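See structure below.
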Amino acid sequence: GNFDITEIIPTNASSIYHISSEDPALLGERMSKYFSRWNPEVVKLKSEIQKTTDFDINYVFNLIDEEICIINLESNKTEQDKILVLEINDMGEAIRFFNGIGERYMLQTGDSLFKEQYGNYEIRKLPVSEFPKALVGPIADGFLDAYYLQFRNNLIFSNSLEQLKTLT
């Protein structure tokens, strides 16, 4: 897809990792092989997430069109604000998938689901810590929380609700 990341990148970005692949499913397999050899901590995180929230991280690669972007932001807070952008090939399916994780979690735990209408956007919270790290490894750690919304053909995740709101 023609992904114009420049529309999303905030002016206070301090670093950007951009991953582009014609075949994201294959990329996912290769990354899994790489992590099982060189970074077992990521593999462990992935299986813990699957066990506790029934969230298959590897499946996310099937939802990605071509682009993944991790943006670190300059911040005067102790915790650095971060953004993960996934370019999505089938938004209906992706929304069903990610919203489903939260809904299942809510049924299991009885917790209420975080949902906020912000202008034309619905912001939700993924009840999974460090999902981006489980997806693409340590370059994306630091997402203790992951709030997300749909922006055109992208899903945008941030560890900061405030930061997410400034993007739209």
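FYI, it's all coordinate maths here, none of it is from the lab. Note that the structure is predicted; figures quoted are calculated from it, not measured. Please note: Cβ atoms are built from the backbone with ideal geometry, for glycine as well, and neighbour counts cover all protein chains shown.
Computed over neighbours whose Cβ is under 13 Å from that of Tyr59, the net charge equals -3, Lys and Arg +1, Asp and Glu -1.
Its residue count N fixes a reference of 2.2 N^0.38 Å for the stretch 99-138, and the Cα radius of gyration divided by that reference is 1.36. Taking Cβ atoms as reference points and 13 Å as the exclusive limit, the residues near Tyr121 contribute a net charge of +2, counting Lys and Arg as +1 and Asp and Glu as -1. Over the chain, what is the relative contact order in whole percent, taking alpha-carbon pairs under 8 Å and six or more residues apart? With pairs under 8 Å counted, the relative contact order is 22 percent.
At q = 0.11 Å⁻¹, what log₁₀ I(q)/I(0) does a Debye calculation on the Cα points of the chain give, no solvent, two decimals? Log-scaled intensity ratios, in q order: -0.42.
Gaussian network model of the chain, Cα springs within a sub-10 Å range: biggest mean-square fluctuation belongs to which of Thr52, Thr11, Thr78? Top of the fluctuation ranking is Thr78. Of the residues Asn120, Asn39, Asn58, the one that moves most in a GNM of the chain with alpha-carbon contacts below 10 Å is Asn120. Could you give the longest part of the chain that holds none of the GluC sites (Glu not before Pro) found in DSSP loops with at most 15 neighbouring Cβ atoms within 10 Å? My reading of the result: 80-168 is the longest stretch. Hydrophobic, long helices, defined as DSSP H runs whose alpha-carbon span along the helix axis is 15 Å or greater and whose mean Kyte-Doolittle value is at least -0.5, occur in the chain at 91-109.
Coupling constants for the stretch 146-159 follow from the phi torsions by the Karplus curve (6.51 cos²θ - 1.76 cosθ + 1.60, θ = phi - 60°), and in residue order they are 9, 8, 9, 8, 9, 10, 6, 9, 10, 9, 10, 10, 9, 7 Hz; glycine and proline get x. Of the trypsin sites (Lys or Arg not before Pro) found in the stretch 38-89, those in coil by DSSP whose Cβ has at most 14 other Cβ atoms within 10 Å are Lys77. The residues neighbouring Leu73, those whose beta-carbon lies less than 12 Å from its own, together hold a net charge of -2 under the Lys/Arg +1, Asp/Glu -1 convention. Separation of the stretch 52-68 from the stretch 104-118 is 20 Å, based on Cα centroids. Each principal axis of the stretch 88-168 carries a Cα extent, and these read 32, 31, 27 Å when sorted largest first. Computed from the alpha carbon atoms alone, the convex hull of the stretch 15-75 holds 113 Å³ per residue. Measuring between alpha carbons in the structure, the pairs from Lys133/Lys165; Lys77/Lys165; Lys51/Lys77; Lys77/Lys125 lying more than 24 angstrom apart are Lys51/Lys77.
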